[in-house]
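A quick write-up on the structure given underneath.
The values are calculated or read from the model by the stated rules, or taken from the named source; none is laboratory data. On a predicted model such as this, the values are computed, not experimentally measured, just so you know. All Cβ positions, even for glycine, are placed from backbone atoms using ideal geometry, and neighbour counts span all protein chains on display.
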Amino acid sequence: MDNVRTENKDGVLIITIDRPKVLNALNAQTVAEIGEAFEAARNDDSVKCVILTGAGEKAFVAGADINELAQMTPITGKAVAEKGQKVFRAIERFPKPVIAAVNGFALGGGCELALACHMRIASDKAQMGLPEVTLGIIPGYGGTQRMARLLGKGKALELILTGDRINATEAERIGLVNRVVPAEELMNTAETLARTIAKRGPLAVRAAIEAVMSGSEMPFEEGQFLEATLFGLLASTQDMKEGMSAFLEKRAAEFTGR
Ligand code: COA
């Protein structure tokens, strides 16, 4: 891969988008490479959690690559949006936790990429926004849908219609990111969160992601049905037996993901 680096740090896979000359903007190749990195991580049992970040100190991802977007036709434009949507959907539905470490500008497609992750930790230097309307387009990688679901329609529309950037403090205040930390602590904070989750029962973590991510798109009763089904399914696992025995025996659980 040319524009995406991966490093497996003892079970925490760090995926870094690395096109510093254009502030890590997403061209078609980079979107495809992000998809490849996640596909490889899906099949790699040594990967317990993923952290997604941008190379350098300035940007997470400064958006889709405007050099490419400027050339699009109605037909290629639709194809571009669909390809990005597919990759971002795979991140949202990824069976292992995905944490965005937002280290700088997360604009347009970069903000949409952070939105597709399960959790977002921001550096105090981060700036986020959906500036597409300033270019005469709208977000095309799921941003209109995820932003409205995360923040509510009013706040989402304010950000989408103005195209304004907000700083990390404001992003935390409105719930766009989980937490803001000093820039130098960003990766350690994301890694600590990843390692905390990695200690939990992996099958339970996977089921919880599915219950929240899929269930929240269903009518409430169907979401509850999914929750009850997954809850029952976990009773078939060695992890459940181990988790409960460990509690009763007053020792730390050692989960095997079986
Ligand atoms: N696509 C392509 N190139 C981009 C880019 C993008 N989304 N964002 C930044 N770049 C390029 C710039 O063109 C510039 O290239 P150059 O050095 O060849 O001139 C380089 O990255 C550095 O960016 P620059 O604008 O000089 O940095 P800055 O600190 O002055 O401003 C931003 C940073 C993020 C505010 C500004 O680059 C910007 O507004 N980018 C576009 C954001 C956007 O609209 N994204 C949504 C796209 S749908």
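Would you confirm whether or not region 129-146 contains a residue that is within 14 Å of the ligand (Cβ to nearest atom), outside any helix (DSSP H, G or I) and of a type in the set (D, E, K, R)?
First, the residues of region 129-146 that are within 14 Å of the ligand (Cβ to nearest atom): 129-144.
From what's left, outside any helix (DSSP H, G or I): 129-130, 136-142.
In the following step, the residues that additionally are of a type in the set (D, E, K, R) were identified as none.
No, region 129-146 contains no residue that is within 14 Å of the ligand (Cβ to nearest atom), outside any helix (DSSP H, G or I) and of a type in the set (D, E, K, R).
Taking the stated definitions as given, is A100 crowded, with 24+ Cβ neighbours inside 10 Å, within 21 Å of A156 (Cα to Cα), more than 16 Å from the ligand (Cβ to nearest atom) and not basic (K, R)?
Values: crowded, with 24+ Cβ neighbours inside 10 Å: yes; within 21 Å of A156 (Cα to Cα): yes; more than 16 Å from the ligand (Cβ to nearest atom): yes; not basic (K, R): yes.
Taking the combined requirement at face value, the residue satisfies it.
Cβ-Cβ below 6 Å, separation at least six or inter-chain, first residue in region 17-31 and under 11 Å from N67 (Cα atoms), second assigned to a loop (DSSP other than H, G, I, E, B) and of a type in the set (A, V, I, L, M): which pairs?
Going by the 6 Å Cβ cut-off, the qualifying pairs are A25/A62.
Tell me, please, whether a residue that is in contact with a helix residue (DSSP H, G or I) (Cβ under 6 Å, 6 or more places away or on another chain) and farther than 28 Å from G175 by Cβ can be found in region 87-110.
No, every residue in region 87-110 fails to be in contact with a helix residue (DSSP H, G or I) (Cβ under 6 Å, 6 or more places away or on another chain) and farther than 28 Å from G175 by Cβ.
Mind listing just one residue for me: the one in region 160-195 that is in a strand (DSSP E or B) and hydrophobic (A, V, I, L, M, F, W, C) and, of those, surrounded by the fewest Cβ atoms within 10 Å (Cβ to Cβ)? Working first, answer last.
Filtering region 160-195 down to residues in a strand (DSSP E or B) leaves 166-167, 179-181.
Within this subset, residues satisfying the condition of being hydrophobic (A, V, I, L, M, F, W, C) are 166, 180-181.
Numbers: I166: 19, V180: 23, V181: 17.
Ranking the qualifying residues of region 160-195, first place goes to V181.
Within 16 Å of the ligand (Cβ to nearest atom), closer than 18 Å to V22 by Cβ, of a type in the set (D, E, K, R) and at pLDDT 95 or above: is that true of K83 in this structure? Before you say what the answer is, go through the steps one by one.
Values: within 16 Å of the ligand (Cβ to nearest atom): yes; closer than 18 Å to V22 by Cβ: no; of a type in the set (D, E, K, R): yes; at pLDDT 95 or above: yes.
When the stated conditions are applied, K83 does not pass them.
Consider F60 carefully, then state whether it is at pLDDT 95 or above, more than 11 Å from the ligand (Cβ to nearest atom) and among the aromatic types (F, W, Y).
Numbers: at pLDDT 95 or above: yes; more than 11 Å from the ligand (Cβ to nearest atom): no; among the aromatic types (F, W, Y): yes.
For F60, the condition - at pLDDT 95 or above, more than 11 Å from the ligand (Cβ to nearest atom) and among the aromatic types (F, W, Y) - is not met.
Filter region 239-255 down to residues that are out of contact with any helix residue (DSSP H, G or I) (no Cβ under 9 Å at 6 or more places or on another chain) and in a helix (DSSP H, G or I), then give me how many there are. Before the answer, list the steps.
At the first step, the residues of region 239-255 found to be out of contact with any helix residue (DSSP H, G or I) (no Cβ under 9 Å at 6 or more places or on another chain) are 241-242, 244-250.
Remaining after also requiring in a helix (DSSP H, G or I): 241-242, 244-248.
Here the count works out to 7.
Only one of these conditions is not met by A198: (1) within 16 Å of the ligand (Cβ to nearest atom); (2) in contact (Cβ under 8 Å) with a residue 40 or more places away in the chain; (3) more than 22 Å from F60 (Cα to Cα). Which number is it?
(1)
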